[in-house]
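The values are calculated or read from the model by the stated rules, or taken from the named source; none is laboratory data. This is a predicted model, so every value here is computed, not measured. Backbone-built Cβ (ideal geometry, glycine too); neighbour counts: all protein chains shown.
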Amino acid sequence: MKSYKTIRKDGLYVYEEKRSKFIARAKPIQTEQEAIDFIQSIKTSCWDATHNCYAYSVDDQALYQRYGDDGEPQGTAGLPMLEVIRKKELQNVVVVVTRYFGGVLLGAGGLVRAYGKACAGGLEEAGEIFVKPCLELKISVEYHLSGKLQNMLIQEGYILAKTDYTHEVTFTVYTAKEHREALEEKIKEITGGVLSLEAAGLKKIFLDASGKVLEEL
């Protein structure tokens, strides 16, 4: 597992330019086949559209980035959409932009702008998140040491997901696997050599733009 940026949920965005309607649909995916199936489903449901153009980027053992213009002039639809995905550094995402022609030609430059804007809108509606593989640790300390430990965790950049208060204070912390040993030493410095730590294994966690752990997607 490795870290990457993707979208949180399906996104829908509608944009009109000179009476042409552009409908962008963005979707988070895990495999290239999911992207292909989604593209085909839109083509089937929007069979009456003038064009169903697409772009996707998926890291499924290898990085696959594809796009399709679906009859639009070459390089005016799918490629601008893929460039939006690349610029945002997103992976495991597919976007289909459906166009209903409004009777007015947009020209190559107009098409590039329209498809790019529609794609960006769909991704924005979907919301960007970060996916990180982290070791989940539960650290327990006595109440009088909890403030000092919490400050250390925040200052050192560990991801503090949850705090539980019972007969002692237990912090749920996420960190890179290779940082566990250093964290254990810092805990011992605070507690005078006492280490109460439980590892729950390696997990894929989801973070919003501010670094907050998202409990559900």
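What number of residues within the range 40-76 are among the aromatic types (F, W, Y) and exposed (fewer than 15 other Cβ atoms within 10 Å of the Cβ)?
So the answer is 2.
Looking at (1) farther than 30 Å from V213 by Cα; (2) modelled with pLDDT under 95; (3) in a loop (DSSP other than H, G, I, E, B); (4) of a type outside the set (G, A, S), which is the only condition D48 fails?
With respect to (1) farther than 30 Å from V213 by Cα; (2) modelled with pLDDT under 95; (3) in a loop (DSSP other than H, G, I, E, B); (4) of a type outside the set (G, A, S), D48 is out only on (2).
Of the residues Y115, Y100, which is of a type in the set (S, T, Y), modelled with pLDDT of 95 or more and farther than 17 Å from G68 by Cβ?
It is Y100.
Every residue, every condition in (1) under 19 Å from E83 (Cα atoms); (2) touching a residue at least 12 places away in the same chain (Cβ under 8 Å), yes or no:
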residue	(1), (2)
I23	yes, yes
P28	yes, yes
E34	no, yes
S41	no, no
C46	no, yes
T50	no, yes
Y54	yes, yes
D59	yes, yes
Q65	yes, yes
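Just one of (1) closer than 21 Å to S210 by Cα; (2) of a type in the set (F, W, Y); (3) assigned by TED's automatic domain parsing to the domain that holds P28 trips up Y100, so point out which.
Condition not satisfied by Y100: (1).
Restricting attention to the range 61-95, which residues are modelled with pLDDT of 95 or more and part of a strand (DSSP E or B)?
Q65, R66, Y67, G68, L90, V93, V94, V95
Under the condition of being among the acidic types (D, E) and not in a helix (DSSP H, G or I), which residue from the range 185-217 is modelled with the lowest pLDDT? Full working, then the answer.
Of all residues in the range 185-217, those among the acidic types (D, E) come to 185, 189, 198, 208, 215-216.
Cutting the leftovers down to not in a helix (DSSP H, G or I) gives us 198, 208, 215-216.
Values: E198: 87, D208: 85, E215: 65, E216: 54.
Restricting to residues being among the acidic types (D, E) and not in a helix (DSSP H, G or I), the top hit is E216.
G116: assigned by TED's automatic domain parsing to the domain that holds V95, in contact with a Phe, Trp or Tyr (Cβ under 8 Å, 6 or more places away or on another chain) and closer than 30 Å to I85 by Cβ, yes or no?
no
Those residues that are surrounded by fewer than 23 Cβ atoms within 10 Å (Cβ to Cβ), more than 23 Å from the chain's Cα centre (by Cα) and of a type outside the set (S, T, Y), I need them from the range 4-39; list them, please.
Correct list: E16, E17, K18, R19, K21.
I want to confirm something. Restricting to the range 189-208 and keeping residues that are closer than 17 Å to C134 by Cα and among the aliphatic types (A, V, I, L, M), which single residue is farthest from the chain's Cα centre (by Cα)?
First pass over the range 189-208, keeping only residues closer than 17 Å to C134 by Cα: 197-208.
Subsequent filtering for residues that are among the aliphatic types (A, V, I, L, M) retains 197, 199-200, 202, 205, 207.
Numbers: L197: 30, A199: 26, A200: 24, L202: 19, I205: 11, L207: 8 Å.
Among residues in the range 189-208 that are closer than 17 Å to C134 by Cα and among the aliphatic types (A, V, I, L, M), the one farthest from the chain's Cα centre (by Cα) is L197.
Return yes when L12 is modelled with pLDDT under 95, within 30 Å of K203 (Cα to Cα) and either hydroxyl-bearing (S, T, Y) or in the same structural domain as G122 (by TED's automatic domain parsing) (or both) and no when it is not.
Criteria not met by L12.
Please give the number of the condition A182 fails out of (1) touching a Pro at 6+ places or on another chain (Cβ under 7 Å); (2) aliphatic (A, V, I, L, M); (3) at pLDDT 90 or above.
The one condition A182 does not meet is (1).
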